[in-house]
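The values are calculated or read from the model by the stated rules, or taken from the named source; none is laboratory data. Since the model is a prediction, treat every value here as computed from it, not as a measurement. Backbone-built Cβ (ideal geometry, glycine too); neighbour counts: all protein chains shown.
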Amino acid sequence: MANLQHIADRIFRHVEAGHLAAGYALTMGALIDVYDADHDFHAWVDVVPSSAVEKLLVCMVRAGTWEDPGWLAAWIKR
């Protein structure tokens, strides 16, 4: 089970320190919003390890898809 709050704290801390690009903070914020609003994503986060959420985060940043709910839905169905 992934701890989204723990992941978010770490991501925001690294962005603030300049170790990660701002896109990571944007994406993490989007994931927090989706976690609260989308039952399927919420259920997925609750059963996967933290590493799966971190991989999702990196892929979203690289693809620039933090505002694409279709991309996220396809990712969690894989």
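General remarks:
- Some residue of the stretch 33-41 being modelled with pLDDT of 95 or more and under 11 Å from the mean Cα position of the chain (by Cα): no
- When the residues of the stretch 6-46 are filtered to those that are of a type outside the set (A, V, I, L, M) and touching a Ser or Thr at 6+ places or on another chain (Cβ under 9 Å), the one that is nearest to LEU56 (Cα to Cα) is THR27.
- Members of the stretch 40-78 that are in a loop (DSSP other than H, G, I, E, B), free of Cβ contacts under 8 Å to residues at least 12 places away in the same chain and over 19 Å from GLY23 (Cβ atoms): ARG78
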